[in-house]
Structure formats: structure tokens, C-alpha cells
Amino acid sequence: MKHTEEQIIKKAKQIIKDLDGEYYFENCTDGTLFEENEKIGYGNLKGEILPCWTVFVKTIFDNSDHLFISDETGEPLYYHNFNMILFEVAKDKEGKYYKKE
């Protein structure tokens with residue numbers, strides 16, 4: 001494990017703030033899960049086995065989104081919202097995260 005839970009939560013909050021903007025709130029996470037051998041389910045690394053963090057993100061009506069962050073790089077792999085919509089998260093030249101179309 002290269003990153004601590006605290007580091008991952010801090011990174012997740014930065015990502016969520018960039019993605020959600022005005023709807024961001026400080027208490028937006030609801031725990032984490034670390035998997036040493038997570039099979040990546042979406043994006044350019046789909047099917048690979050990597051150490052991965054899942055951050056549970058609070059949403060409306062007591063639902064939960066899942067933000068997957070690589071333990072190797074500390075960067076987001078993809079986001080899975082409670083409506084079953086998946087999308088990749090990328091970083092622009094200024095270091096701000098955005099939804100990759």
C-alpha cells in the first residue's frame with residue numbers, strides 16, 4: 001500500500017470539489033475500501049488487476065457514488081455514480097479534475 005487512507009480521502013475531496021463545484025461539501029465522503037487486487041471495471045485500464053481504493057461519496061437520498069483511485073499513482077481511475085453511470089476522470093494542465101467524455 002503506497003497511500004494512506006487519509007491521503008486518499010484528501011485526494012478524493014479535491015477530485016469531488018473539482019467535479020461538483022458549487023455542490024461540494026466538506027463531509028462528502030463516507031469511508032474507503034482498499035483492495036490489493038482490484039479488477040478494474042471501466043476505462044483504459046479495464047480488466048487489469050491493480051491495488052485500488054474505493055471512496056464512498058455521499059449523494060442525495062442516502063445513495064452512494066464510488067470513486068476509484070489507483071494506489072500506485074494516487075490518481076482517479078473512474079467514477080461510478082448511483083445511477084449506474086460510469087465515467088473516467090482526467091486532469092487538465094492546471095491540475096483541475098474533470099469528467100472525461
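The values are calculated or read from the model by the stated rules, or taken from the named source; none is laboratory data. As the structure is a computational prediction, the values presented were derived from the model and not from experiment. Note: ideal-geometry Cβ built from the backbone for every residue, glycine included; neighbour counts use all protein chains shown. For accessibility, only protein heavy atoms count, side chains too; no ligands or nucleic acids. Shrake-Rupley method; radii C 1.70, N 1.55, O 1.52, S 1.80 Å.
Might you let me know whether the range 46-55 holds any residue that is open to solvent by 90 Å² or more (accessible area, probe 1.4 Å) and more than 22 Å from Thr4 (Cα to Cα)?
Within the range 46-55, one or more residues are open to solvent by 90 Å² or more (accessible area, probe 1.4 Å) and more than 22 Å from Thr4 (Cα to Cα).
If you go through the range 11-23 one residue at a time, do you hit one that is assigned to a strand (DSSP E or B) and either without any contact (Cβ under 8 Å) to a residue 60 or more places away in the chain or touching an Asp or Glu at 6+ places or on another chain (Cβ under 8 Å) (or both)?
No: zero hits.
Filter the range 13-45 down to residues that are open to solvent by 30 Å² or more (accessible area, probe 1.4 Å) and in contact with a Lys or Arg (Cβ under 6 Å, 6 or more places away or on another chain) and give me whichever is nearest to Glu101 (Cα to Cα).
Residue satisfying both the conditions and the ranking: Asp18.
Given the criteria at pLDDT below 95, open to solvent by 80 Å² or more (accessible area, probe 1.4 Å) and assigned to a helix (DSSP H, G or I), does Phe61 qualify?
Yes, satisfied.
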